[in-house]
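Written below as structure tokens is the structure these notes are about.
The values are calculated or read from the model by the stated rules, or taken from the named source; none is laboratory data. All values derive from a computational prediction rather than experimental measurement. In this analysis, Cβ positions are derived from the backbone assuming ideal geometry, glycine residues included, and neighbour counts consider all displayed protein chains.
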Amino acid sequence: MPDTVRYIADPPRSAELVVIGGGIVGAATAFHASRAGVRPVLLERRTALCTLTTPASTGGFRLQFDNREELELVRESLDLLSNFSKVTRQTQYDPMMQRQGYLWCTTDETRAAWQRDLVRKQHAWGQSDIEHLDGDEVRRRFPYVSPEVLAARYREGDGFLDPKEITLGFAAASGAAVVTGCGVTGLRVEGGRLTSVQTTRGEISPGLAMIAAGPFSGEVASLAGVGLPVQAVRQQKMTMPEVPEVPQDAPMTIDDDTGTHWRPGLRGAFLLYTDPDEPPGPPAEDLPTDHDFALGLLDPESPISVARVAPFWRKVWERGSANWILQAGQYTMTPDHRPLLGPTPVENLFVNTGYSGHGIMGSSAGSRIAVDTLTGRLSPDQNPFRPDRKFRPRELDRL
């Protein structure tokens, strides 16, 4: 398999598989399709791959989930990513995996009991390396943690990775013909079957097509008269390079009571908070950022401040000279916060979307599942993420 992405100037007139979307999900789809013997063409309407929602992520991975299906999905993804060069047979791109852990801290007795019960469930699901620590043990291992923290759940094998390296590695290893600056403008359906993908650069006659367009997946599917149960929700990320107070060996540190979290990077940190009151909005390429978001994370008097469980952030606030950069992307949310993987009501049209904030972690395995539905290797009754499933709303997993 090649070490470089195979770009072409214009899309071909026909293709075995058209993959719509050039982020991590689209690239992983192209890779698994190629592996299954299906030759893909990958379309991205922006002028470069991996430039919309994928790079707006914090680049974290974990096996601490509240349901078995997602845990197993991400476990398979991490098995692949841990052997990325061997599996993809390319050496140009490396996931840059750092196993520094995920630490979920709580100052609430009820939440501590909930954590303890969750860890028991995770052990029953086969993930026995997740620990539940009392406050003293948390501070013994991680001295920066507040005295108010009563307990935490922790997995040392969780950590961080580089989503852009993974995306480009999948794209290169797929051998797919990649066309950038090529937007999809129409999906022609005749007799209930997809017969044409119309683009800004010409028309393609596809054998099959996979929509992997992140927050734009619903809009693309609507071109074929298909309604997807997805909503786009803004997610902001704050980058603070060169912050000497941040311990660079720290795990992803989450305030389990608020959802505020940070992790070291760039000799500083990335900081995030998923606001449960953030309303869904239309998918967008240019999203506004809000400086109140940054102030809410840093001001020690804020109820969502990172200083609540890590007091050194108060010193960063009082010093006042640390710079920050804000970036915004969109989660593609489904009613049960699990992805949509598989066929649509239109013959030969499939979807791989709706990861609800877990696309970086889940799309390596999710794309394998989506491709297996496309090739017939996976039947609908074997697919817990089938798009026509019955949705059971659940509490938002804030990471």
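Computed quantities for the displayed model
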read-out: Filter result (part of a helix (DSSP H, G or I) and under 17 Å from Glu156 (Cα atoms)) within the stretch 121-134; value: Gln122, His123
read-out: Unmet requirement for Ala370, which otherwise passes all of (1) touching a residue at least 40 places away in the same chain (Cβ under 8 Å); (2) of a type in the set (Gly, Ala, Ser); (3) closer than 19 Å to Thr274 by Cα; value: (3)
read-out: Residue in the stretch 281-304 that is closer than 24 Å to Gln115 by Cα, of a type in the set (Val, Ile, Thr), in contact with an Asp or Glu (Cβ under 6 Å, 6 or more places away or on another chain) and modelled with pLDDT of 95 or more present; value: no
read-out: Flag if Asp255 is among the charged types (D, E, K, R), in contact with a helix residue (DSSP H, G or I) (Cβ under 7 Å, 6 or more places away or on another chain) and buried (at least 23 other Cβ atoms within 10 Å of the Cβ); value: yes
read-out: Subset of the stretch 215-233 [under 13 Å from Gly281 (Cβ atoms) and surrounded by 22 or more Cβ atoms within 10 Å (Cβ to Cβ)]; value: Pro215, Phe216, Gly218, Val230, Ala232
read-out: Every residue from the stretch 156-172 that is out of contact with any Asp or Glu (no Cβ under 6 Å at 6 or more places or on another chain) and either assigned to a strand (DSSP E or B) or among the charged types (D, E, K, R) (or both); value: Glu156, Asp158, Gly159, Phe160, Asp162, Lys164
read-out: Pair list, Cβ < 6 Å and 6+ apart or interchain, from the stretch 139-150 residues that are assigned by TED's automatic domain parsing to the domain that holds Lys315 to residues that are at pLDDT 95 or above and assigned to a helix (DSSP H, G or I); value: Tyr144/Phe312; Val145/Val138; Val145/Arg139; Val149/Gly135; Val149/Val138; Leu150/Ala112; Leu150/Gly135
read-out: Residue within the stretch 53-68 that is over 15 Å from Met361 (Cα atoms) and either among the small types (Gly, Ala, Ser) or touching a Cys at 6+ places or on another chain (Cβ under 9 Å) (or both) present; value: no
read-out: Residues (over 11 Å from Lys164 (Cα atoms), out of contact with any Asp or Glu (no Cβ under 7 Å at 6 or more places or on another chain) and of a type in the set (A, V, I, L, M, F, W, C)) located in the stretch 48-63; value: Ala48
read-out: Gly26 of a type in the set (Gly, Ala, Ser) and in contact with a strand residue (DSSP E or B) (Cβ under 7 Å, 6 or more places away or on another chain); value: yes
read-out: Some residue of the stretch 20-32 being in the same structural domain as Arg201 (by TED's automatic domain parsing) and polar (S, T, N, Q); value: yes
read-out: Leu49 being in a loop (DSSP other than H, G, I, E, B) and hydrophobic (A, V, I, L, M, F, W, C); value: yes
read-out: Criterion violated by Trp262 - all others in (1) part of a loop (DSSP other than H, G, I, E, B); (2) more than 30 Å from Thr195 (Cβ to Cβ); (3) without any contact (Cβ under 8 Å) to a residue 60 or more places away in the chain satisfied; value: (1)
read-out: Any pair with Cβ under 9 angstrom, 6 or more apart, that starts in the stretch 69-97 at a residue that is over 18 Å from Ala27 (Cα atoms) and outside the structural domain of Ala27 (by TED's automatic domain parsing) and ends at one that is part of a loop (DSSP other than H, G, I, E, B) and of a type in the set (A, V, I, L, M); value: Met97/Leu161
read-out: The stretch 52-69: number of residues that are farther than 19 Å from Lys237 by Cβ and in a loop (DSSP other than H, G, I, E, B); value: 5
read-out: Selection count where residues are in a loop (DSSP other than H, G, I, E, B) and more than 18 Å from Phe391 (Cα to Cα), scope the stretch 348-367; value: 1
read-out: Members of the stretch 1-34 that are acidic (Asp, Glu) and more than 22 Å from Lys164 (Cα to Cα); value: Asp10, Glu16
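Residue-wise test of (1) under 24 Å from the mean Cα position of the chain (by Cα); (2) outside any loop (DSSP other than H, G, I, E, B); (3) under 15 Å from Tyr102 (Cα atoms); (4) modelled with pLDDT under 95.
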residue: Asp249; (1), (2), (3), (4): yes, no, yes, no
residue: Thr258; (1), (2), (3), (4): yes, no, no, no
residue: Asp277; (1), (2), (3), (4): yes, no, no, yes
residue: Trp313; (1), (2), (3), (4): no, yes, no, no
residue: Glu318; (1), (2), (3), (4): no, yes, no, no
